[in-house]
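Taking it in order: structure first as structure tokens, then the write-up.
FYI, it's all coordinate maths here, none of it is from the lab. Computed from a prediction, not measured in an experiment: that's the story for all the values here. Cβ coordinates were reconstructed from backbone atoms using ideal geometry, including for glycine residues, and neighbour counts include every protein chain displayed.
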Amino acid sequence: MQEVQLTDFDPNWPHGHVTRGGLKARILCANAKGAYPIIALITDENGTEFPNSTTYNGTAHGSSSKSDYDLFNAPAPKRIMYVNFYRSEGGFLHSKCFYSKEKARQDAHQYLDWAVAAVAVPVELPEDAFQI
């Protein structure tokens, strides 16, 4: 198992969960009675699921130190921004960002004489980001 870049654990995180060892985890219950209220199914490399229980902060059952089965928030998905670069008078470059490839293409065609390049860039935007 390969260790993944980990963030805090929140059982209500909307982007899913992973183990310290990089396996996918699916939360079934976050309020079981006892010291290990989080019940999750861990998917191994063969696609088989097995149960795991953790403390509310994601520490695996029976673990006093780091465990490959500690739970963490999965990384939020990256969004793609499309960036057009244009040459302006005096040789300076400027750019415009778009949320869709189609809008970037429309803009590039409108300013075809000045277009230099168009690049797709993966970015992590906050959940409350909005389109203008």
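Structure values in brief
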read-out	value
Residues of the range 44-71 that turn out to be polar (S, T, N, Q) and either under 17 Å from P14 (Cα atoms) or crowded, with 16+ Cβ neighbours inside 10 Å (or both), as a count	7
Filtered residue count, the range 62-96, keeping only those that are in contact with a helix residue (DSSP H, G or I) (Cβ under 9 Å, 6 or more places away or on another chain) and without any contact (Cβ under 8 Å) to a residue 24 or more places away in the chain	1
Filter pass, L71 being in contact with a Gly (Cβ under 8 Å, 6 or more places away or on another chain) and farther than 30 Å from L112 by Cα	yes
Residue list for the range 83-100, filter: over 21 Å from the mean Cα position of the chain (by Cα), at negative phi and not in a strand (DSSP E or B)	S88, E89, F92
Residue count, the range 30-82 (criterion: over 30 Å from R105 (Cβ atoms), of a type in the set (A, V, I, L, M) and in a strand (DSSP E or B))	7
